[in-house]
Amino acid sequence: MERQKQKEERASGLDTPVERRTFLDAVLGFGIVSSAAAILYPVWRFLIPPASGEPATASAVAARLAEVQPNTGILFRFGSTPGLLVRDPNGELRAFSAVCTHLDCTVQYAADTSQIWCACHNGFYDLAGNVVSGPPPRPLEQFAVDVRGEPGEEEVVVSRV
Amino acid sequence: MMQERVLDWLDERLDLSSLRHFIAEKKVPIHAHEIWYYLGGLTLFLFAIQVASGILLILYYRPSAEEAYESVQFIVSEVQFGWLIRNVHSWSANLLIAVAFAHFFSVFLLKSYRRPRELTWVTGMLLLFLMLGFGFSGYLLPWNELAFFATKVGTGMAGAVPIIGDGLMRVLRGGDDVTGATLSRFYGLHIAILPALTTLLVAGHLLLVQRQGMSVPLEIERRARAGKRIPDMPFFPNYVLRDVLAWYVAIALLAALAAFYPWELGRKADAFAPVPPGIRPEWYFLATFHTLKMLPAYILGIEGEQIGVLGMGAAAAFLVFVPFLDRRVSRGEPSPLFTLIALFGLAYLVVFTIVGHYAE
């Protein structure tokens, strides 16, 4: 009589007793999953490299003016990345980030065409930093150029615009 | 179910039936000394923690005299949870050595090395030496003052080995002195050579344990032979769950130690600074260190240090060959002499470690 009643209750879905085994398995599974999470979380955070701590460079001395001949370009350090200082055939100075916008190769000045050239995938930029041909998607970042110092001793100072 | 389908798929290709049969049939004997069975698994678990935390440390560590110390400093101060990973690696190394020694002495005293388990013992002994090698080589890697001078002393001991000593010391140091070259060498040893050897030996050790089953103490084995049944327990899942419980205890202990007792980094090594007072190796080398300190300069006209180093080599060789020397226990008779040797060794290590710790 009593058993029949229990059966009916189970069949109706009301008050379904949880089996002891199911309950214990669930507790065990929950324990294992949460310990795995507690271990993997610090590991995940550890894998993320911390910020380098170097402040973004605002300006740098690229070269002495006398070192830069017309129709040449030289690379200089701009913080932790390379910069390119170009003196065009007319003697005018321009500076860019030397990091190609395609895949981060370092660009160089091509004197024969008076253009900026990336050797990795043959990308060309004009002397305003705009893409002329090749795969680069964006123009090069251009920097402001100032010439400071006593005549004959001038330094070329490059700064972020 | 998805899980079953994946297993079936694998089974069709790999035929896992024998493995499944093996796991289902594997039993662990239950008796008064069964508690010692946990130590082997616990050692392996701590070794796994060492591998995992070590791999993580490689991501930021730089093995050069100029950068090693700074990179460890960077790990513990800049990298997120870097302090945790480094402290876990240092503490787990120490727990691992302690548990491995406990495993060694329990197997020694229970005479589990007796026929047919001689090879299990030999691989285990070699693994214990490898663990000490891990400890010795890893100690230098942060390139701090204590480690630098301890490594000088430690590699200098190798120089006391007769005839080949000088060559051995040069090979260990990668030159005449402890320099950045030593650091590169120890790094290679610590993360490539020793792990490779350990992997092979652990595989052999485990294979032997699985093939032969758990050893039962002599007296209980005798009772079984007399017809009394030894109670046992299925390995999976019953015993595995107990093993996991032991691992949880280890994790909890490690986490507490790493959080509340951070491992000191000390000062950067400087070859031209005077040796700081109280220079001493890791605790598990203290007994050896103190023994060498106590030996007189000359014994019977031979340098005391040479005698000490030779004695330790002889002791190590003796330990490796214990199963072949203890003939009585292999015949199934008690061997009180070897019990005495084990107890003497244990007492010697404990006393000399404590004395070495408090000695000036």
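The values are calculated or read from the model by the stated rules, or taken from the named source; none is laboratory data. From a predicted model like this one, the values you see are computed outputs, not experimental measurements. With ideal geometry, Cβ positions are generated from the backbone for all residues, glycine too; neighbour counts draw on all protein chains shown.
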* Structure fact -> By residue number, the members of the range B:73-95 that are in contact with a Phe, Trp or Tyr (Cβ under 8 Å, 6 or more places away or on another chain) and away from chain A (no Cβ under 14 Å) are B:Ser90, B:Trp91, B:Ala93, B:Asn94
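Kindly check whether there is at least one residue in the range A:2-13 that is in contact with a helix residue (DSSP H, G or I) (Cβ under 9 Å, 6 or more places away or on another chain) and either away from every other protein chain (no Cβ under 14 Å) or at pLDDT 70 or above (or both).
no
Residue by residue, here is whether (1) under 21 Å from A:Pro70 (Cα atoms); (2) part of a strand (DSSP E or B) holds:
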position: A:Leu103; (1), (2): no, no
position: A:Asp112; (1), (2): yes, no
position: A:Ile116; (1), (2): yes, yes
position: A:Phe124; (1), (2): yes, yes
position: A:Pro136; (1), (2): no, no
position: A:Pro139; (1), (2): no, no
position: A:Ala144; (1), (2): yes, yes
position: A:Val156; (1), (2): yes, yes
* Quick one: B:Ser64 ticks every box in (1) buried (at least 22 other Cβ atoms within 10 Å of the Cβ); (2) more than 14 Å from every other protein chain (Cβ to nearest Cβ); (3) not hydrophobic (A, V, I, L, M, F, W, C) bar one, so which box is it? -> (1)
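Okay, residues lined up against (1) more than 12 Å from A:Ser159 (Cα to Cα); (2) touching a residue at least 60 places away in the same chain (Cβ under 8 Å):
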position	(1), (2)
A:Ala66	yes, yes
A:Ile74	yes, no
A:Gly79	no, no
A:Leu85	no, yes
A:Ala95	no, yes
A:Cys100	yes, no
* State which residue is farthest from the other protein chains (Cβ to nearest Cβ) when the search covers only the range B:96-124 and only residues that are surrounded by fewer than 20 Cβ atoms within 10 Å (Cβ to Cβ) and closer than 22 Å to B:Glu282 by Cα. => B:Phe105
* Asked: Take the residues of the range B:35-59 that are buried (at least 19 other Cβ atoms within 10 Å of the Cβ) and within 14 Å of chain A (Cβ to nearest Cβ): which is nearest to B:Gly124 (Cα to Cα)?
  -> B:Phe45
* Asked: What number of residues in the range B:246-269 are of a type in the set (D, E, K, R) and within 14 Å of another protein chain (Cβ to nearest Cβ)?
  -> 0
* Subset tally (residues that are of a type in the set (A, V, I, L, M), within 14 Å of chain A (Cβ to nearest Cβ) and either exposed (fewer than 13 other Cβ atoms within 10 Å of the Cβ) or in a loop (DSSP other than H, G, I, E, B) (or both)) for the range B:212-245 -> 2
* To do: Tell me, please, whether a residue that is within 8 Å of chain B (Cβ to nearest Cβ) and either surrounded by 10 or more Cβ atoms within 10 Å (Cβ to Cβ) or touching a Gly at 6+ places or on another chain (Cβ under 9 Å) (or both) can be found in the range A:51-65.
  => no
* Structure fact -> Of (1) away from chain A (no Cβ under 14 Å); (2) surrounded by fewer than 22 Cβ atoms within 10 Å (Cβ to Cβ), B:Leu140 fails just (2)
